[in-house]
Amino acid sequence: MKFPKISLHNHTVFCDGTDTPEAMVLAAIEEGVETIGFSGHSCTSFDLSYCMTREKTEAYRAEILQLREKYRDRIRILLGIERDYYADPDDAQYDYVIGSVHYIVADDGAICPVDESREQVVSDVQKHFGGNVYRWTKRYYETLALIAEKTHCNMVGHFDLVQKFNGDGTLFDSELPSYRLPLLDAMETLTNSDVIFEINTAGMRKRKIPYPSPDILRWLAQHNARTVITADAHRKEDILSGFESAVLYAKACGVGGFTVPRGDAWVTVSMGDA
Ligand SMILES: [Zn+2]
Ligand SMILES: [Zn+2]
């Protein structure tokens with residue numbers, strides 16, 4: 001039982017990664033990767049600290065397409081993008097889009113980053129959500145529920161990213177209905193829109209388990225939602241990071257197969273013949 005060596009969520013020096021696309025391609029070839037896809041952070045003009053500017057997006061696209069040609073006999077390279085809910089409009093063509101929510105907007109109009117730091121979250125909850133963390137998590141899931149409609153994504157990125165700084169459970173109680181009900185609404189909406197849900201191993205590097213949490217993944221498996229394992233790598237060492245553990249985790253949650261790009265289509269491979 002394994003996951004094919006297909007890695008679709010990778011960042012480079014064009015956004016907030018530490019390696020060049022070519023260094024990542026070479027590392028992937030070294031590891032026998034079948035397909036590597038790049039997913040630079042789309043331009044989100046109110047915060048250029050981690051994402052690509054418009055000009056950089058052009059350079060990124062040109063670089064990935066050039067590498068695709070250069071290494072076409074050795075590895076398959078896909079040009080993707082991780083498009084934030086609040087990203088600037090972009091009608092360029094990509095092989096696939098990962099739709100993610102990295103910011104939420106409070107009732108007072110404040111733009112609040114979800115995954116920057118725990119201090120930032122605590123401060124935003126106090127200043128912009130009346131001190132109620134469940135209003136903050138609700139706003140996240142309300143935004144996420146609309147991600148497929150807004151970004152036309154193939155995949156949903158790190159579903160429960162709000163758990164990033166809640167590894168010890170002290171930020172909020174994920175058993176409470178005030179947390180769970182908006183989450184359930186988002187799962188239902190997104191499952192109906194037939195997007196693929198990431199099992200994102202970056203969660204393991206921060207809170208020991210991938211995104212999403214087991215209860216969410218079990219629900220997705222029971223509702224036949226499609227899933228794919230991704231690394232959200234920001235350096236070449238992480239291209240397949242945590243994939244083996246993620247397979248066991250997915251199996252324990254009842255996931256029977258994964259959906260991956262092969263040829264011109266997304267195909268679902270069962271655990272047995274991945
Ligand atoms: Zn992301
Ligand atoms: Zn990412």
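The values are calculated or read from the model by the stated rules, or taken from the named source; none is laboratory data. On a predicted model such as this, the values are computed, not experimentally measured, just so you know. Positions of Cβ are backbone-derived with ideal geometry, glycine not excepted, and every protein chain shown enters the neighbour counts.
The table that follows gives values for the structure above.
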read-out	value
Breaking point among (1) surrounded by 18 or more Cβ atoms within 10 Å (Cβ to Cβ); (2) under 19 Å from the mean Cα position of the chain (by Cα), for residue 63	(2)
Residue among 48, 79 that alone is outside any loop (DSSP other than H, G, I, E, B) and either at pLDDT 95 or above or within 24 Å of residue 200 (Cα to Cα) (or both)	79
Failed item in (1) under 28 Å from residue 29 (Cα atoms); (2) modelled with pLDDT under 95, with residue 198 passing the rest	(2)
Helices (runs of 4 or more DSSP H) contained in the range 186-257 and holding at least 2 residues surrounded by fewer than 19 Cβ atoms within 10 Å (Cβ to Cβ) and within 15 Å of ligand 1 (Cβ to nearest atom)	202-207
Residues within the range 9-24 that are within 15 Å of ligand 1 (Cβ to nearest atom), part of a loop (DSSP other than H, G, I, E, B) and not hydrophobic (A, V, I, L, M, F, W, C), tallied	5
Any hit, the range 27-43, residues being away from ligand 1 (no atom under 16 Å from the Cβ), in a strand (DSSP E or B) and not aromatic (Phe, Trp, Tyr)	yes
Top-ranked residue in the range 7-23 [being touching a Leu at 6+ places or on another chain (Cβ under 9 Å) and not hydroxyl-bearing (Ser, Thr, Tyr); ranked as surrounded by the fewest Cβ atoms within 10 Å (Cβ to Cβ)]	22
Lone qualifier among 37, 99 - being touching a Cys at 6+ places or on another chain (Cβ under 8 Å), crowded, with 20+ Cβ neighbours inside 10 Å and under 24 Å from residue 243 (Cα atoms)	99
Contacts under 6 angstrom Cβ, first residue in the range 113-129 being under 21 Å from residue 16 (Cα atoms), partner of a type in the set (Lys, Arg) and surrounded by 15 or more Cβ atoms within 10 Å (Cβ to Cβ), 6 or more apart	115/164
Positions within the range 57-86 being within 16 Å of residue 10 (Cα to Cα) and of a type in the set (Lys, Arg), in sequence order	61, 68, 76, 83
